[in-house]
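Asks: Here it is, the structure, as structure tokens.
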Amino acid sequence: MQKTRLKDLREDKDLLQKDIAQILNMKQQQYSRYETDENEITVTLLKQLAEFYNTSTDYILRLTDEKKPYPKEKNKN
């Protein structure tokens, strides 16, 4: 799997791994393994990070270079 952009996104916000780990309610070591691609990131965690960084999951996974998130779908009610 190609490396994610988690470290770049975190550093852009001047945050430490322990800061993001605290937000995600996990230990710093566990978060570090996601950042270094030692552990595969879950869909739930990926969504949380995309929302936190205001970007798309595709950007985090390097499937696109477009950092701007996709527009949210309007409620069809």
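The values are calculated or read from the model by the stated rules, or taken from the named source; none is laboratory data. Computed from a predicted model, the values in this text were never measured in an experiment. Neighbour counts are summed over all protein chains in view; Cβ atoms, including those assigned to glycine, are modelled from backbone coordinates with ideal geometry. All accessible areas refer to the heavy atoms of the entire protein, side chains included, with ligands and DNA or RNA removed. Shrake-Rupley method; radii C 1.70, N 1.55, O 1.52, S 1.80 Å.
Asks: Take the Cα of ARG62, step 7 Å along the line toward its Cβ, and report every residue of segment 8-45 whose backbone nitrogen sits under 14 Å from that point.
Replies: 8-9, 35-38
Asks: What fraction of the Cα pairs in the chain, stated in percent, has a spacing above 21 angstrom?
Replies: Of the Cα pairs, 24 percent sit more than 21 Å apart.
Asks: Right, another one. Over the chain, average the accessible area per residue using a 1.4 Å probe and give it in Å², no decimals.
Replies: Here the residues of the chain average 76 Å² of exposed surface.
Asks: Taking all protein chains as present, what is the carbon and sulfur share of the accessible area of the chain, in % to the nearest whole number, probe 1.4 Å?
Replies: The value for the chain is 44 percent carbon and sulfur by accessible area.
Asks: Moving to a separate point now. Per the helix-only calculation at 222 nm, which mean residue ellipticity applies to the chain, given -39500 (n - 2.57) for every DSSP H run of n ≥ 4 and division by its residues, nearest 500 deg cm²/dmol?
Replies: Using -39500 (n - 2.57) per qualifying helix, the result is -12500 deg cm²/dmol.
Asks: Could you identify which residue out of ASP58, ASP12, ASP37 has the top mean-square fluctuation in a GNM of the chain using Cα springs shorter than 10 Å?
Replies: It is ASP12.
Asks: Using the structure shown, select from LYS47/LYS67; LYS18/LYS68; LYS27/LYS67 the pairs with a Cα to Cα distance greater than 23 angstrom.
Replies: LYS18/LYS68; LYS27/LYS67
Asks: For a quick check, take a GNM of the chain with Cα springs below 10 Å and name the residue from LYS47, LYS13, LYS27 with the largest mean-square fluctuation.
Replies: Of LYS47, LYS13, LYS27, the Gaussian network model singles out LYS13 as fluctuating most.
Asks: Further question on the same structure: Can you compute 3J(HN,Hα) from phi for each residue in segment 44-57, using the Karplus curve 6.51 cos²θ - 1.76 cosθ + 1.60 with θ = phi - 60°, rounded to whole Hz and x for Gly and Pro?
Replies: Per residue, the Karplus-derived 3J(HN,Hα) values read 4, 5, 4, 5, 4, 5, 4, 5, 4, 8, 6, 9, 9, 5 Hz.
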